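Taken together, the values in this text are just the output of simple stated rules run on the coordinates, not laboratory data. What you see is a predicted model; the values in this text were computed from it and never measured. Glycine also receives a Cβ, built like all others from the backbone with ideal geometry; neighbour counts cover every protein chain displayed.
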Amino acid sequence: MSADRDPAVAALGSPLVVAIDGPSGSGKSSVSRAVAGRLGVAYLDTGAMYRAATWWCLRRGVDLTDADSVSRAVRVMPLVMGIDPAAPGVHVDGTDVSEAIRTTEISTAVSAVATNLDVRSELRRLQRAAIDAEREPGSFSGGRGIVAEGRDITTVVAPDADARILLTASEEARLARRALDVHGEAGEAAVAATRDQVLRRDRDDSAVSQFHVAADGVVTVDSSDLDYEQTIQAVLDVIEQVAGRPQGADPAR
Ligand code: DC
């Protein structure tokens, strides 16, 4: 769907900023992207920024345990984040890394970069700039706004967002979803293989962001018993309730 064609969005008037956080396997990325598409706003995957930073450091031979070298490398990273929900590509130094940043190598290494406080401060600066840009008429969304998702968007990056949502799911549901994503099945062996990646990574990431319990003013959506479509609808419902605006329907009716 084009951002230009949704009459509900055209009627919004002021920009809509939606912040969505959640742990691995909560469905956060695919749901946030679909919600952005339906609302006709931009989409920012902040996890992809930490992944791109990890790719860049490994590519340059930076030792990920050397915090100073990592933060120096990230400060000069030529990162271009795609914010079109229909095609959110990621480029670093002219290379399309959209697929390379999803490999097991990057998934295993990324927490070392994401727990570096200098890196966090630099990437948060870029994230705030990307969100603020979408409030302006000349931006990708034409000033309609953005859905930004990650681990610290509701609390640190955009605590002033119009709607703030924590998307959770039971550990069982999260492991099954990730196993299906990574291994194409959710049998016992696939779930066991996914366990370290999901739970260890969330444990490491919890040291620097709080994304298991909703902060004040943040609405929890538990997707454990919801399918993909139902989760998208639940998120759209919260946005409508919290932001108090007509979403996804023709306001003229
Ligand atoms: O959501 P993801 O799996 O693509 O995130 C990649 C890593 O980045 C993961 O270790 C969590 C971390 N992250 C973060 O610390 N803060 C964010 N806002 C987004 C992701």
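Data for the structure
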item: Intensity falloff of the range 11-102 expressed as log10 I(q)/I(0), Debye formula with alpha-carbon point scatterers, at q = 0.11, 0.15, 0.25 Å⁻¹; result: -0.38, -0.66, -1.24
item: Note, ³J(HN,Hα) from phi for the range 209-220, Karplus 6.51, -1.76, 1.60, rounded to Hz, x at Gly and Pro; result: 9, 9, 10, 9, 10, 5, 6, 3, x, 9, 8, 8
item: Protection proxy ranking, peptides 71-80, 38-47, 57-66, average beta carbon neighbours within 10 Å, highest first; result: 38-47, 71-80, 57-66
item: Neighbour-count order for Asp118, Asp216, fewest beta carbons within 10 angstrom listed first; result: Asp216, Asp118
item: Where the Cα pairs of the range 113-253 fall when distances are cut into 5 Å bins, in %; result: 2, 9, 14, 17, 19, 17, 13, 7, 3, 1, 0
item: Sequence of Phe211, Phe140 once ranked by neighbouring C-beta atoms within 10 Å, starting from the fewest; result: Phe140, Phe211
item: Two-decimal ratio, the range 63-135, of alpha-carbon radius of gyration to 2.2 N^0.38 Å; result: 1.17
item: For Thr168, distant residues with modelled amide H under 5 Å away; result: Val221, Asp222, Ser223
item: Cut-off 9 Å between beta-carbons: net charge of the residues surrounding Asp21, Lys and Arg +1, Asp and Glu -1; result: +1
item: Spatial separation of Cα centroids for the range 54-105 and the range 169-238, in angstrom; result: 24
item: The chain - convex hull of alpha carbons, volume per residue in Å³; result: 121
item: Calculated [θ] (222 nm, deg cm²/dmol) that DSSP helices of n ≥ 4 give over the chain, each run adding -39,500 (n - 2.57); result: -13000 deg cm²/dmol
